[in-house]
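The values are calculated or read from the model by the stated rules, or taken from the named source; none is laboratory data. All values derive from a computational prediction rather than experimental measurement. Cβ coordinates were reconstructed from backbone atoms using ideal geometry, including for glycine residues, and neighbour counts include every protein chain displayed.
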Amino acid sequence: MKKSITIPLILQSILTPEEVQSVTKGADYEEKARKFTVTHLLQYWCVAALEQWDSYRSGVDHAARSGLPMVHYSCFSTKAAEVPFAIFKELLHRVIHKCSRETRRKLTFPKELLLIDSTTITVGKTRLPWAPYHGERAGIKLHVALRAQNGQPLQVVETLGSKHDGPMSETLAQPDYIVVMDRAYGKLERL
């Protein structure tokens, strides 16, 4: 899949550039660049995740093969640092909302399985100064409620990396689903 351009095309059909622009305006972020916008950054990150790019510098070499516009790696890294996290969080929620629309007719199980788990993403302390983790590291924890039937996330909540999983089960558990989670989330009184 090194020469796949389907991800940017699929992404553009789900999130139009106009919709991305409305989210950036809603987050009070002023787009200054003309050649490398938030939409381009989102496309770069999606292709980078798919192809597992090593760094911003190597990503510039991969971009041309992936059908993305050519930019200098410093432009890529500067844009990634200046765009607020809240914009990409809102875009993720919009993608989840759009992809979760489906008609439901249950014939066998009255409820579908909902899988709940989390992962911690750590970076250097200077990248996320508001999220201290351990020593010189900072981190956030993504708690994901995933629908087992179709593999789509139902809900994604981010917290500080040092926050315990337990209290998040109240936020992620849904009464319309059979919940499957590890024991870190479990407390019978809470559920």
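Of all residues in the range 63-75, those that are assigned by TED's automatic domain parsing to the domain that holds residue 52 have Cβ atoms under 7 Å from Cβ atoms of residues that are among the β-branched types (Val, Ile, Thr), 6 or more apart or on another chain, in 66/5; 66/47; 67/5; 68/47; 71/60; 72/60; 73/60.
When residue 76 is tested against (1) at pLDDT 75 or above; (2) of a type in the set (Phe, Trp, Tyr); (3) farther than 28 Å from residue 127 by Cβ, only condition (3) is not met.
Can you tell me which residue in the range 79-110 is modelled with the lowest pLDDT, limited to those that are basic (Lys, Arg) and either crowded, with 17+ Cβ neighbours inside 10 Å or under 25 Å from residue 14 (Cα atoms) (or both)?
Looking only at the range 79-110, we keep the residues that are basic (Lys, Arg), and these are 79, 89, 94, 98, 101, 104-106.
Retained after the next criterion (residues that are either crowded, with 17+ Cβ neighbours inside 10 Å or under 25 Å from residue 14 (Cα atoms) (or both)): 79, 89, 94, 98, 101, 104-105.
Working: 79: 80, 89: 86, 94: 83, 98: 73, 101: 52, 104: 39, 105: 43.
Applying the filter and picking the extreme gives 104.
Taken over the range 128-151, residues that are more than 21 Å from residue 85 (Cβ to Cβ) and among the charged types (D, E, K, R) amount to 1. If we keep just the residues of the range 117-146 that are in a loop (DSSP other than H, G, I, E, B) and aliphatic (A, V, I, L, M), which is surrounded by the fewest Cβ atoms within 10 Å (Cβ to Cβ)? Filtering first and then ranking leaves 128. One residue stands out among those in the range 155-190 that are assigned to a loop (DSSP other than H, G, I, E, B) and charged (D, E, K, R): the one that is modelled with the lowest pLDDT, which is 190.
Within the range 111-161, which residues are touching a residue at least 40 places away in the same chain (Cβ under 8 Å) and among the small types (Gly, Ala, Ser)? Once the filter is applied, which keeps residues that are touching a residue at least 40 places away in the same chain (Cβ under 8 Å) and among the small types (Gly, Ala, Ser), the range 111-161 yields 118, 161.
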